[in-house]
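Everything on this sheet refers to the single structure shown next.
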Amino acid sequence: MTIRFHEVTKRYGKEEALDHINLELQPGKIYGLLGPNGSGKSTTLKLITGLVYPNQGNITVLGEEVTRKTCKQVAYLTELDMFYEAFTVEKILSFYASQFPDFDIGKAKLLIQELKLEPQKKVRRLSKGNRGRLKLVLTLARNTPVILLDEPFSGLDAMVRESMVTSLLRYIDFSKQTVIIATHEINEVESLLDEVLAIYNGHIVGHEHVETLREEYGLSVLDWFKMKMEEKGV
Ligand SMILES: Nc1ncnc2c1ncn2[C@@H]1O[C@H](COP(=O)(O)OP(=O)(O)OP(=O)(O)O)[C@@H](O)[C@H]1O
């Protein structure tokens with residue numbers, strides 16, 4: 001098992017973001033963490049990287065309790081830091097290689113080519129779609145057991161999303177990596193997912209294998225998610 005949450009509660013001041021969460025995530029799978037805005041998706045990912053800590057309960061990654069050091073095991077895609085704006089695409093790659101011993105520069109260069117990013121272009125001059133692609137390259141080129149993608153396709157057009165999905169499927173190592181995609185835009189990720197988790201108001205309100213949904217219940221992920229939300233009165 002790669003990731004385990006045991007009775008995890010996270011509060012920000014009085015605001016309860018997660019309430020007694022239990023989870024077990026296996027290697028070689030792509031999980032969709034699906035929920036509306038403010039349901040606790042980003043908090044779940046931040047807890048896995050050790051960026052925030054639980055108030056109660058515990059989280060392990062590869063059997064070890066999460067600490068600040070856990071970020072070495074986790075590639076986490078969120079927003080690109082402002083710090084990188086003046087860098088060229090090529091320069092960011094070499095910077096990442098210097099920061100993360102697990103960063104595979106060969107793989108990053110292949111991805112840059114495949115996703116048609118110009119190596120000499122400055123980050124601040126990239127279109128929104130190309131920024132999205134670059135973030136994906138930086139995440140997928142790390143050989144970590146855990147890959148976390150927070151809203152990877154948000155605001156991107158269909159062509160960009162398609163190219164990103166192709167790269168994701170090609171470059172994930174399904175023999176050992178666990179991938180979590182947090183999103184509220186379900187259509188975009190449906191084809192990628194092995195298992196889905198529905199989160200609402202800090203609770204996991206559903207966890208299913210996508211194959212079971214389709215074959216036994218005849219439901220798409222979107223249908224299932226809507227059903228889960230209706231049960232909660234959303
Ligand atoms: N730093 C913070 N300080 C205070 N409250 C926070 C903080 N971060 C998140 N929250 C609150 O915790 C709850 C869960 O937030 P979280 O960002 O995990 O949800 P989310 O599902 O990722 O939402 P979104 O899709 O909008 O990013 C929300 O009610 C949010 O307002």
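Angle of helix 221-231 to the longest C-alpha principal axis of the chain, folded into 0 to 90 degrees and rounded to 10: 40°. Once you've got the Cα coordinates, tell me which of LYS29/LYS176; LYS91/LYS121; LYS14/LYS232; LYS69/LYS109 are over 18 Å apart. From LYS29/LYS176; LYS91/LYS121; LYS14/LYS232; LYS69/LYS109, over 18 Å: LYS14/LYS232; LYS69/LYS109.
Applying 1/(1 + (r/R0)^6) with R0 = 45 Å to the Cβ-Cβ distance of ASN58 and GLN120, what FRET efficiency is obtained, to the nearest 0.05? Present the calculation step by step, with values, prior to reporting the outcome.
Details: r = 46 Å, r/R0 = 1.03.
E(calc), rounded to 0.05, equals 0.45.
Neighbour counts of C-beta atoms inside 10 Å place TYR12, TYR31, TYR76, TYR53 in the sequence TYR12, TYR53, TYR76, TYR31, starting with the fewest.
Relative to the longest principal axis of the Cα atoms of the chain, the long axis of helix 105-114 lies at roughly 90 degrees.
Put a dot 7 Å past the Cα of THR88, heading toward its Cβ, do the same for HIS6, and the two dots end up 5.1 nm apart.
Packing-wise, with mean Cβ within 10 Å as the measure, how do 194-206, 101-113 rank, highest first? It would help to have the intermediate numbers written out before the result.
Working: 194-206: 20.0, 101-113: 15.5.
In decreasing order of mean packing, 194-206, 101-113 become 194-206, 101-113.
Taking amide hydrogens as placed 1.01 Å from N in the peptide plane, the amide H of LYS10 sits under 5 Å from those of ALA17, LEU18, ASP19, HIS20, ASN55, each at least 5 positions away in sequence or on another chain. Shown for ARG11, ARG170: other C-beta atoms within 10 Å of each C-beta, ranked fewest to most, produce the order ARG170, ARG11. Put simply, when 35-44, 117-126, 219-228 are sorted by average Cβ atoms within 10 angstrom per residue, most first, you get 35-44, 219-228, 117-126.
The relative contact order of the chain, computed from alpha carbon pairs under 8 Å that lie at least 6 residues apart in sequence, is 27 percent. Of THR49, THR166, THR139, the sequence from fewest to most neighbouring Cβ atoms within 10 angstrom is THR166, THR49, THR139.
Taking the Cα atoms of the chain, the ratio Rg/Rh between the radius of gyration and the Kirkwood radius comes to 0.96. From its DSSP helices (H runs of at least four residues, each -39,500 (n - 2.57)), the chain gives a residue-normalised ellipticity at 222 nm of -10000 deg cm²/dmol. Cross-link partners of LYS10 among lysines, defined as those whose alpha carbon lies under 19 angstrom from its own and excluding same-chain residues fewer than eight positions apart: LYS41, LYS46.
No value in this document is a laboratory result; all are computed from the given coordinates. Since we're looking at a predicted model, the values are computed, not measured. Don't worry about glycine lacking a Cβ; one is built from the backbone with ideal geometry, like all the others, and counts go over all protein chains shown.
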